[in-house]
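Read-outs: derived from the displayed coordinates by stated rules, not from any lab. Since we're looking at a predicted model, the values are computed, not measured. Positions of Cβ are generated from backbone atoms using ideal geometry, with glycine treated the same way; all protein chains shown enter the neighbour counts.
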Amino acid sequence: MPKTLYRIYVIELSKRVYTESTKFRTANPQFNGVLECLYVGMTSKTPKERFQQHKTGYRNKKGHKISSNIVENYGLYLRPSLYIHIDPFLSREEALIAEKEITLELRRSGYAVWSN
């Protein structure tokens, strides 16, 4: 059986998220409104499949919602130019670490970013 690969993906969010979501605004005090608002995630699916799950409020077999309200409400489209260069990871743990690092890197670059 092939090993599961985990990929990082980035979704552009409507800038309304910054004015309408206190938790998003609080997480991004450095944001000056010039660049975009983004969501960074990791998945064992394709980024396109995962984006669709977010937009439809996907729930797993146990009925737990595993999609982000922020993406469901404000997600516009995938931003491959911000993640296509990142190789897939062999473990979920490595991907989670990379997700956090990429979130911080994008914030330092001037984006407003949300990740879980």
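If you go through the range 1-36 one residue at a time, how many are of a type outside the set (D, E) and either touching an Asp or Glu at 6+ places or on another chain (Cβ under 6 Å) or closer than 19 Å to P47 by Cα (or both)?
Final tally of qualifying residues: 12.
Could you please let me know if I97 is closer than 15 Å to Y6 by Cβ, in contact with a helix residue (DSSP H, G or I) (Cβ under 8 Å, 6 or more places away or on another chain) and either surrounded by fewer than 16 Cβ atoms within 10 Å (Cβ to Cβ) or free of Cβ contacts under 8 Å to residues at least 12 places away in the same chain (or both)?
no
Results for (1) within 15 Å of I102 (Cβ to Cβ); (2) more than 12 Å from the chain's Cα centre (by Cα), shown as yes or no for each residue.
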| residue | (1), (2) |
| --- | --- |
| R16 | no, yes |
| T22 | no, yes |
| H54 | no, no |
| Y83 | yes, no |
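How about the range 1-78: which helices (runs of 4 or more DSSP H) wholly inside it have at least 3 residues that are free of Cβ contacts under 8 Å to residues at least 12 places away in the same chain and surrounded by 11 or more Cβ atoms within 10 Å (Cβ to Cβ)?
Passing ranges: none, list empty.
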